[in-house]
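Accompanying notes for the structure given below.
The values are calculated or read from the model by the stated rules, or taken from the named source; none is laboratory data. In this text the structure is predicted, and so the values were computed from the model without any measurement. When we count neighbours, we look across all protein chains shown, and the Cβ atoms used for this are built from the backbone with ideal geometry, even at glycine. Note: areas computed on protein heavy atoms with side chains; ligands, DNA, RNA excluded. Shrake-Rupley method; radii C 1.70, N 1.55, O 1.52, S 1.80 Å.
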Amino acid sequence: MAERSTPWSLGGALRGMFAKKTIDDDTWEDLEDALISADFGPDITDSVISQLRANVDKYKTTDPADLKRMLRESLEERFAAYDPTLTLSARPAVVLVVGVNGVGKTTTIGKFARFLVGHGRTVVVGAADTFRAAAVEQLATWAERGGAQIVRPQMERQDPASVAFQTVEFATREGIEICIIDTAGRLQTKSGLMDELGKIRRVIEKQTEIAEVLLVLDATTGQNGVAQAEAFIQHAGVTGLVISKLDGSAKGGFVLAVQERTGIPIKLVGQGEGINDLTGFTPHVFVANLVG
Ligand code: GDP
């Protein structure tokens with residue numbers, strides 16, 4: 001993950017604490033406040049603080065610089081339990097992108113296409129959210145920006161599963177390496193939506209295996225957004241998370257909390273509205289930026 005200015009850095013919140021000469025009771029309170037404000041959630045906050053208290057006792061240190069190093073190590077250790085690697089070796093590798101409307105799904109697909117094309121891969125996007133013609137057009141614009149081809153519905157409200165089928169068929173015929181399939185995110189019709197996703201999966205699985213199912217989550221909504229997306233986590237076979245809008249969020253801790261809450265690794269991170277603003281997830285860089 002690239003170095004950049006990070007609104008989600010704990011740097012500011014922790015500055016006072018690390019500027020002190022010695023670790024005292026205020027240090028622990030400040031640390032707790034900083035972790036809670038960053039949306040780590042009470043469980044991770046309690047467990048990190050207990051671990052750090054134990055380490056501070058064990059190593060008999062009173063130096064805040066040691067505490068900072070221990071905080072970084074503790075967070076890195078927790079991240080190490082999850083593998084952020086994308087599995088895209090199948091030909092074609094099919095990636096389903098799911099998530100609630102408004103989280104940044106369309107934008108993410110364009111950015112992801114650009115990311116892959118930038119790594120020398122060929123990409124086709126499948127517009128399998130066929131409900132709104134305007135959404136298909138918006139996706140087409142982003143696919144083009146990303147340097148990908150697009151398979152669109154050929155008639156109004158075409159069955160999403162048939163668009164997914166045609167996308168995979170197109171990729172196979174044309175020798176395109178990766179299919180990114182957009183899907184609907186209208187939560188008003190939750191059971192209908194999950195049935196639709198189930199059908200898309202079954203149709204694709206008749207052609208090839210599904211390489212990844214990526215759930216896009218908006219960092220600015222933090223843990224509330226995860227509750228909204230629970231149906232996808234339960235029913236869509238999600239293999240990886242994409243955290244969007246991290247550039248506009250102070251909730252850096254959400255990134256760890258969401259992994260531990262869902263048990264699903266973060267694979268991509270969006271930090272801006274531009275076509276190049278998506279990167280793979282590199283935990284040690286993230287933690288270094290977070291702790292400062
Ligand atoms: P969709 O409804 O899920 O397809 O969402 P869109 O892709 O249309 O994005 C919704 C809004 O979020 C748009 O205004 C995007 O520009 C914005 N957006 C998406 N990703 C990011 C991001 O990483 N950072 C910022 N700041 N805005 C983003």
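Residues that are farther than 24 Å from Leu187 by Cα, away from the ligand (no atom under 14 Å from the Cβ), among the polar types (S, T, N, Q) and not in a loop (DSSP other than H, G, I, E, B) occur at least once in the range 144-161.
Which condition number in (1) buried (at least 16 other Cβ atoms within 10 Å of the Cβ); (2) within 14 Å of the ligand (Cβ to nearest atom); (3) of a type outside the set (S, T, N, Q) is the one that Arg186 fails? With respect to (1) buried (at least 16 other Cβ atoms within 10 Å of the Cβ); (2) within 14 Å of the ligand (Cβ to nearest atom); (3) of a type outside the set (S, T, N, Q), Arg186 is out only on (1).
How do the helices (runs of 4 or more DSSP H) wholly within the range 196-273 filter down when requiring 2 or more residues that are more than 11 Å from the chain's Cα centre (by Cα) and within 16 Å of the ligand (Cβ to nearest atom): which remain?
Details: elements: 222-228, 230-235, 254-262.
Helices (runs of 4 or more DSSP H) meeting the threshold: 222-228, 230-235.
Just one of Ala93, Ala128 is open to solvent by less than 60 Å² (accessible area, probe 1.4 Å), within 30 Å of Gly175 (Cα to Cα) and within 16 Å of the ligand (Cβ to nearest atom); which is it? Full working, then the answer.
Working: Ala93 fails: within 16 Å of the ligand (Cβ to nearest atom).
Result: Ala128 is the single residue among Ala93, Ala128 that is open to solvent by less than 60 Å² (accessible area, probe 1.4 Å), within 30 Å of Gly175 (Cα to Cα) and within 16 Å of the ligand (Cβ to nearest atom).
Name every residue in the range 1-27 that is at pLDDT 85 or above and among the aromatic types (Phe, Trp, Tyr), in order of residue number.
At the first step, the residues of the range 1-27 found to be at pLDDT 85 or above are 8-10, 20-27.
Within the range 1-27, Trp8 is the sole residue that qualifies.
Checking every residue in the range 169-183 against the condition of being part of a helix (DSSP H, G or I), in contact (Cβ under 8 Å) with a residue 60 or more places away in the chain and among the hydroxyl-bearing types (Ser, Thr, Tyr) gives at least one match. Could you list all residues from the range 20-44 that are open to solvent by 80 Å² or more (accessible area, probe 1.4 Å) and outside any helix (DSSP H, G or I)? Across the range 20-44, the qualifying residue is only Lys21. Checking each residue in the range 45-60 for being open to solvent by 20 Å² or more (accessible area, probe 1.4 Å) and either touching a strand residue (DSSP E or B) at 6+ places or on another chain (Cβ under 9 Å) or farther than 30 Å from Thr220 by Cα (or both) picks out Arg53, Ala54, Asn55, Asp57, Lys58, Tyr59, Lys60.
For the range 147-176, a residue qualifies if it is β-branched (Val, Ile, Thr) and open to solvent by less than 60 Å² (accessible area, probe 1.4 Å), and the qualifying residues are Ile150, Val151, Val163, Thr167, Val168, Ile176.
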